[in-house]
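Enquirer: Okay, here's the structure, questions in a sec.
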Amino acid sequence: MARAPEEIAYLRAVLAASTVAADALLAMEHVAELLAPERSATLAAEVEGRCVASLARARDALAATPPPAELAAFDEIFAAAFQHTHECVTLFSGFPRAAAPERIPRILAALHHHAQAQEHFYVVRLLLPPFRDYWTADEPSAAGDSGASQAPLLRVGAGGDHGGFAVYVPEQYDAARAWPLIVALHGGAGNGRDFLWTWVRAAKARGYLVVAPTAVGSTWAEHDAPGLLEILDWLAQRFRVATERVLLTGLSDGATFTLVYGLAHRERFRALAPLCGVFHPINVANGNVARARGVPIYLVHGARDFLFPVAYAHLTRDVLTEAGADLCYRELPDLSHTYPRSENDAILSWFEAHCARTAS
């Protein structure tokens, strides 16, 4: 059956819009890793020049071509994804012109919209050529060509001792074997639903479950530990988790408490990968320093970190080394206080090598 001219026009507008949206999200992914006070304005100008005009043209084309009724459900998701992309670029590219107190909130809001755009585009990625391989190519699912019975993205609200959590389940998940798990802790004032997207591409490519919890308060604290263990139990009841291959990682405050929780509960976490955090005094008071002996730890810090200067990382490195931890220390010369997503593959390669040595 021939398509109506109106439907063809709409689909062309969607294809063009998804192309520029994918480019904008990749651009923001790149600048997010380079963010630092001394270069943020330059990065904002780069994003403005690369993305603003093309997104505006795509938005106008979409507005001029309403979807046919049979594509209304698709359009609802696509329109939300595109709007998040537009908000992300608008907020970030315009932050240097905002009043000083509004600049950091605008950058944080842009990163939130970046994560939400990915969440929405992921749902319809197979229908959009620019997004089919954006994360990585989909492998055949355990349920065959009709698709996996398990949805890849799950969200659970707050309950018990936890503040809720988001889960990624690989499309090829099959309960016939056990699957490794990444537990990813967001930074201060963040949330698990957004932070999940720092790990989806690497987890999808390598076949990992990912859970990204949300702290009960504005950031992590000692009282979040029982909730984190509840989440692990919840996952183990529903998925076949390789309990001997659980990696705990986190950014900033999430990194700080990766060490607090991970050392206190060595029986639940195979290895730890804290990024851009500090060594909390809690670790001395609760006996974690003694527990660090032999624990595989991949410690990452930025030489340009303005919030936790690199001297804090040197202190953490020295304390853990003296305690006998199996430490890999990575100091990234261009990294400030932000998440280095490009380090994920190296973290997983290191983790898998440790797991293989233990199993042999």
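Enquirer: Name the residues in the range 341-360 that are of a type in the set (A, V, I, L, M, F, W, C) and either assigned to a strand (DSSP E or B) or in contact with a helix residue (DSSP H, G or I) (Cβ under 6 Å, 6 or more places away or on another chain) (or both), would you?
Expert: L348 - this is the single residue of the range 341-360 that is of a type in the set (A, V, I, L, M, F, W, C) and either assigned to a strand (DSSP E or B) or in contact with a helix residue (DSSP H, G or I) (Cβ under 6 Å, 6 or more places away or on another chain) (or both).
Enquirer: Identify the residue in the range 22-51 that is of a type outside the set (G, A, S) and closer than 13 Å to R304 by Cα and, among all such residues, is nearest to the chain's Cα centre (by Cα).
Expert: The selected residue is E33.
Enquirer: Out of (1) exposed (fewer than 15 other Cβ atoms within 10 Å of the Cβ); (2) without any contact (Cβ under 8 Å) to a residue 40 or more places away in the chain, what's the single condition that is false for R50?
Expert: Of the numbered conditions (1) exposed (fewer than 15 other Cβ atoms within 10 Å of the Cβ); (2) without any contact (Cβ under 8 Å) to a residue 40 or more places away in the chain, the odd one out for R50 is (1).
Enquirer: For the range 219-273, enumerate the residues that are more than 24 Å from A285 (Cβ to Cβ), of a type in the set (G, A, S) and in contact (Cβ under 8 Å) with a residue 40 or more places away in the chain.
Expert: Of everything in the range 219-273, just one residue is more than 24 Å from A285 (Cβ to Cβ), of a type in the set (G, A, S) and in contact (Cβ under 8 Å) with a residue 40 or more places away in the chain, namely A242.
Enquirer: Please name all residue pairs, on different chains or six or more residues apart, with Cβ atoms under 9 Å, provided the first residue is in the range 110-134 and is free of Cβ contacts under 8 Å to residues at least 24 places away in the same chain and more than 17 Å from V47 (Cβ to Cβ) and the second residue is aromatic (F, W, Y) and not in a helix (DSSP H, G or I).
Expert: From the range 110-134, the pairs are R125/Y134; R125/W135.
Enquirer: Could you tell me whether the range 318-331 includes any residue that is modelled with pLDDT of 95 or more, closer than 22 Å to H30 by Cα and not assigned by TED's automatic domain parsing to the domain that holds I107?
Expert: yes
Enquirer: Same structure again: Got a sec? Which of G227, G277, G294, G287 is crowded, with 22+ Cβ neighbours inside 10 Å and either more than 19 Å from the chain's Cα centre (by Cα) or modelled with pLDDT of 95 or more (or both)?
Expert: G277
Enquirer: Mind checking which helices (runs of 4 or more DSSP H) fall wholly inside the range 16-101 and carry at least 1 residues that are under 26 Å from C276 (Cα atoms)?
Expert: Qualifying helices (runs of 4 or more DSSP H): 40-47, 72-94.
Enquirer: Take the conditions closer than 25 Å to Y122 by Cβ, buried (at least 18 other Cβ atoms within 10 Å of the Cβ), outside the structural domain of R304 (by TED's automatic domain parsing) and of a type in the set (V, I, T) and apply them to V14. Does it pass?
Expert: Judged against the criteria, V14 is a match.
Enquirer: Still on this structure, please answer the following. So, in the range 323-351, of the ones that are in contact (Cβ under 8 Å) with a residue 40 or more places away in the chain and acidic (D, E), which residue ends up farthest from V183 (Cα to Cα)?
Expert: D334
Enquirer: If A98 satisfies every condition in (1) loosely packed, with under 14 Cβ neighbours inside 10 Å; (2) under 30 Å from L307 (Cα atoms); (3) of a type in the set (G, A, S) but one, which is the exception?
Expert: Just one mismatch for A98, condition (1).
Enquirer: Do we have any residue at all in the range 245-254 that's surrounded by fewer than 24 Cβ atoms within 10 Å (Cβ to Cβ), at pLDDT 95 or above and more than 26 Å from the chain's Cα centre (by Cα)?
Expert: Within the range 245-254 (the criterion being surrounded by fewer than 24 Cβ atoms within 10 Å (Cβ to Cβ), at pLDDT 95 or above and more than 26 Å from the chain's Cα centre (by Cα)), the answer is no, since none of the residues qualifies.
Enquirer: Okay, moving on. Say we look at the range 1-15 and pick out the residues that are in a helix (DSSP H, G or I) and without any contact (Cβ under 8 Å) to a residue 60 or more places away in the chain; which of these is nearest to A61 (Cα to Cα)?
Expert: So the residue we want is A13.
The values are calculated or read from the model by the stated rules, or taken from the named source; none is laboratory data. Every value quoted in this text rests on a predicted model; they were computed, and no experiment measured them. With ideal geometry, Cβ positions are generated from the backbone for all residues, glycine too; neighbour counts draw on all protein chains shown.
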